[in-house]
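K.L.:
After the structure tokens below, expect a handful of questions from me.
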């Protein structure tokens with residue numbers, strides 16, 4: 001009696017490989033579509049962290065630390081360290097998609113230290129005093145250039161700064177700030 005060979009047929013292997021390739025293609029597209037949002041979030045967290053670090057440094061050393069923002073250079077300087085936005089997070093820039101509701105409705109997107117999408121405010125700065133308080137109120141908006149081109153608002157981030165010494169990291173969900 002002949003023994004039956006065990007294993008997979010060529011057809012079964014081809015079908016399995018086709019299914020795996022289809023799933024990988026869907027996953028790659030989803031990741032590629034999500035990448036700009038991931039980069040904006042990372043840049044917003046980095047900026048928020050650098051501002052918090054500067055606040056703590058100003059309080060611990062009893063010194064004044066200056067934060068400067070340049071829309072034209074797409075970079076910011078905190079306490080002498082210049083951080084280019086495009087190095088770690090390509091495509092991220094200061095600004096917001098047209099039609100984004102400002103976090104503080106009493107102010108426009110270009111009031112205070114906010115840098116609007118059209119780049120009309122090329123450089124702005126504020127200082128953090130020895131008590132950790134900024135010299136002025138305002139918001140810093142971050143968005144990905146692909147979202148500006150597509151008008152996509154739901155991946156916009158804002159760092160809101162108040163003279164009482166509060167710093168908040170906010171996300172725009174397309175209709176309101178969270």
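K.L.:
Quick one: is residue 43 in contact with a strand residue (DSSP E or B) (Cβ under 6 Å, 6 or more places away or on another chain) and either under 18 Å from residue 132 (Cβ atoms) or not in a helix (DSSP H, G or I) (or both)?
P.N.:
No.
K.L.:
I've got another one for you. Identify, from the list 87, 77, the residue that is surrounded by fewer than 19 Cβ atoms within 10 Å (Cβ to Cβ), touching a strand residue (DSSP E or B) at 6+ places or on another chain (Cβ under 6 Å), more than 15 Å from residue 171 (Cα to Cα) and at pLDDT 70 or above.
P.N.:
Going through 87, 77 in turn, the sole match is 77.
K.L.:
Continuing with the same structure: With respect to residue 96, is the statement that it is closer than 22 Å to residue 154 by Cβ, in contact with a strand residue (DSSP E or B) (Cβ under 6 Å, 6 or more places away or on another chain) and modelled with pLDDT under 90 true?
P.N.:
Yes; evaluated as a whole, the condition is true for this residue.
K.L.:
Identify, please: which residue in segment 99-112 is farther than 21 Å from residue 127 by Cβ and in contact with a strand residue (DSSP E or B) (Cβ under 8 Å, 6 or more places away or on another chain) and is, among those, modelled with the lowest pLDDT?
P.N.:
Top of the filtered list is 109.
K.L.:
Inside segment 115-178, counting only strands (runs of 3 or more DSSP E) that do not spill past its ends, which hold 3 or more residues that are modelled with pLDDT under 85, more than 15 Å from residue 74 (Cβ to Cβ) and within 13 Å of the chain's Cα centre (by Cα)?
P.N.:
Result: empty, no element qualifies.
K.L.:
Could you say whether any residue in segment 60-73 is in contact with a helix residue (DSSP H, G or I) (Cβ under 7 Å, 6 or more places away or on another chain), modelled with pLDDT of 90 or more and surrounded by fewer than 13 Cβ atoms within 10 Å (Cβ to Cβ)?
P.N.:
yes
K.L.:
Under 22 Å from residue 124 (Cα atoms), out of contact with any strand residue (DSSP E or B) (no Cβ under 7 Å at 6 or more places or on another chain), free of Cβ contacts under 8 Å to residues at least 24 places away in the same chain and not in a helix (DSSP H, G or I): is that true of residue 63 in this structure?
P.N.:
no
K.L.:
Let me ask you something else. Being free of Cβ contacts under 8 Å to residues at least 40 places away in the same chain and more than 21 Å from residue 154 (Cβ to Cβ) is the filter here; which residues of segment 28-54 pass it?
P.N.:
Within segment 28-54, 28, 49, 50, 53 qualify.
The values are calculated or read from the model by the stated rules, or taken from the named source; none is laboratory data. Here the structure is a predicted model, which means the values were calculated and not measured. When we count neighbours, we look across all protein chains shown, and the Cβ atoms used for this are built from the backbone with ideal geometry, even at glycine.
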